[in-house]
Amino acid sequence: MIPPTPRPTPRFSSVRRLLLAGLFTLATGAVQAQGPSSVRILVGFPPGGGTDAIARALAEKLKDQLGVPVVVDNRAGAGGQIAAQALKAAPPDGSTFFLSHDHSISILPLVTKNAGFDPAVDFVPVAGFATFANALALSGGTPAKSLPEYVRFVQQQGGKDSIGIPAPSSIPEFLVGMVGSRYKLDLQAAPYRGSAPMMADMLGNQIRAGVASIPDFIENHKAGKLRIVAVIGDKRQAILPDVPTFKELGIAGLEELPYYGLFAPAGTPHEVLDRFNLALAKVLSMPDVREHLAAMGLTVGYQPQALFANRVKGYTQTWEKIIKASGFQAK
């Protein structure tokens with residue numbers, strides 16, 4: 001006769017429940033440690049512009065390093081403000097990052113009364129990966145071949161002209177003002193919803209000049225469809241050795257180069273940020289990636305989280321002083 005199977009005592013049942021709960025917790029933790037099932041990179045400008053092209057180049061490589069799909073999510077408008085607000089609303093779980101240059105993070109909060117986000121509170125800098133230079137370019141239909149020639153051309157047209165910029169209340173807008181002041185011209189900044197529509201108007205000769213980043217201009221410059229005639233920075237750019245700096249042309253104060261970097265929602269776990277940083281560092285060490293970004297006009301230089309956070313803070317403080325000194329009133 002087979003003896004009956006003893007029923008578990010209440011104490012044994014409690015222990016079993018605890019063990020099962022512990023195993024479930026470990027399993028859940030293992031899943032979380034693997035990261036999200038996909039990653040999206042927010043971009044604050046339309047497809048076709050320089051920032052979008054940079055994001056897509058990195059996303060293609062990051063998917064292999066992270067082992068999950070990495071998609072670019074264009075949230076164009078208001079100079080990156082819409083994308084920044086989307087980052088603020090995103091869960092801090094490593095599924096969403098914001099690839100941005102200096103304007104959306106450092107400049108927008110200084111020139112907008114209510115940006116809808118505070119980078120120091122709502123975001124965490126993840127890593128920096130490049131610097132770049134803003135530039136003044138002339139459309140193909142503009143007879144001038146240099147900035148001095150453009151100045152003379154505008155003087156002959158009555159001393160007034162409009163210059164395209166990718167976003168209002170941006171460094172390009174301040175640069176337009178500085179050029180106009182230096183040469184005593186009435187130059188009006190004409191804001192667009194990103195560099196791509198501005199470029200379309202320049203290529204169609206609807207506007208004679210524009211200010212944006214070198215990555216926005218470089219391909220059309222190489223193709224001879226427009227001409228970059230001046231760049232910011234304390235020295236000429238390696239990709240444009242024949243193009244003078246604004247400092248060389250007598251316009252000082254534009255020596256510090258803007259940054260490109262990635263940001264995550266505040267509260268994103270350190271281990272998630274470390275994992276993404278490791279993947280990004282590997283991508284940026286690839287010769288083909290470095291060559292591709294350099295060809296777009298970027299100076300590639302990986303900056304881990306702490307260094308990049310200090311870079312963003314210092315850059316923001318520098319431009320806060322410049323903007324206040326200009327008398328600009330936040331809108």
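The values are calculated or read from the model by the stated rules, or taken from the named source; none is laboratory data. It should be emphasised that the depicted structure is a prediction, and the values quoted were computed from it without experimental measurement. Using ideal geometry, Cβ is built from the backbone for each residue, glycine included, and neighbour counts are taken over all protein chains shown. Accessible surface areas use protein heavy atoms only, side chains included; no ligands, DNA or RNA. Shrake-Rupley method; radii C 1.70, N 1.55, O 1.52, S 1.80 Å.
Projected onto the charge dipole of region 63-133 (+1 at Lys/Arg Cβ, -1 at Asp/Glu Cβ, origin at the Cα centre), which of Leu108, Ala90, Pro125 gives the Cα projection farthest towards the positive end?
Leu108
Among Gly194, Gly128, Gly180, determine the one that fluctuates most according to a GNM of the chain built with springs between C-alpha atoms less than 10 Å apart.
Fluctuation is largest for Gly180.
So how strong a dipole does the chain carry about its Cα centre when Lys and Arg Cβ are +1 and Asp and Glu Cβ are -1, to the nearest 20 debye? Please report the intermediate quantities before stating the final value.
On the way: 32 positive and 25 negative charges, 125 e Å.
That gives a dipole near 600 debye.
Accessible area per residue, 1.4 Å probe, Å², for the chain: what's the number? Before the final figure, lay out each step's value.
Numbers: 15690 Å² over 331 residues.
With all protein chains present, the chain gives 47 Å² per residue.
Of all trypsin sites (Lys or Arg not before Pro) in region 98-158, which ones are in loop regions per DSSP and have a Cβ with at most 10 other Cβ atoms within 10 Å? Kindly include the intermediate steps, with their values, before the conclusion.
On the way: sites: Lys113, Lys145, Arg152; in loops: Lys113, Lys145.
Hits after loop and neighbour filter: Lys113.
Starting from the amide H of Ala127, placed 1.01 Å from N in the peptide plane, find each other amide H under 5 Å away whose residue is 5 or more places distant or on another chain.
For Ala127, the qualifying residues are Leu262.
Of the beta bridges DSSP finds with both residues in the chain, what % are antiparallel, to the nearest 5?
Details: 24 of 41 bridges.
The antiparallel proportion sits near 60 percent.
Of the residues Lys321, Lys313, Lys63, which exhibits the maximal mean-square fluctuation in a Gaussian network model of the chain defined by a 10 Å Cα contact cut-off?
Among Lys321, Lys313, Lys63, the largest mean-square fluctuation in the Gaussian network model of the chain belongs to Lys321.
Considering the chain as a Gaussian network with a 10 Å cut-off on Cα pairs, which listed residue, Leu293, Leu136, Leu278, attains the greatest mean-square fluctuation?
For the chain, modelled as a Gaussian network with Cα springs under 10 Å, the answer is Leu278.
At a 10 angstrom cut-off on C-beta neighbours, averaged per residue, how do the peptides 72-82, 233-243 rank from highest to lowest? Write out the running numbers ahead of the final one.
Values: 72-82: 20.1, 233-243: 14.6.
In decreasing order of mean packing, 72-82, 233-243 become 72-82, 233-243.
May I ask you to give the percent of accessible area on the chain that is carbon plus sulfur, with a probe radius of 1.4 Å? Mind showing how you got there, number by number?
Values: 8860 of 15690 Å².
On the chain, the fraction of accessible area on carbon and sulfur atoms equals 56 percent.
What spacing in nm lies between the two simple spin-label points modelled at Ala325 and Glu291, each 7 Å away from Cα in the Cβ direction?
Result: 4.2 nm between the two label points.
At R0 = 51 Å, how high is the FRET efficiency between Leu110 and Asn205 if r is their beta carbon distance? Nearest 0.05 is fine.
On the way: r = 34 Å, r/R0 = 0.66.
Rounded to the nearest 0.05, the efficiency is 0.90.
Could you tell me how many degrees, from 0 to 90 and to the nearest 10, lie between the Cα long axis of helix 270-284 and the main elongation axis, the longest principal axis, of the Cα atoms of the chain?
Orientation of helix 270-284: about 50 degrees from the principal axis.
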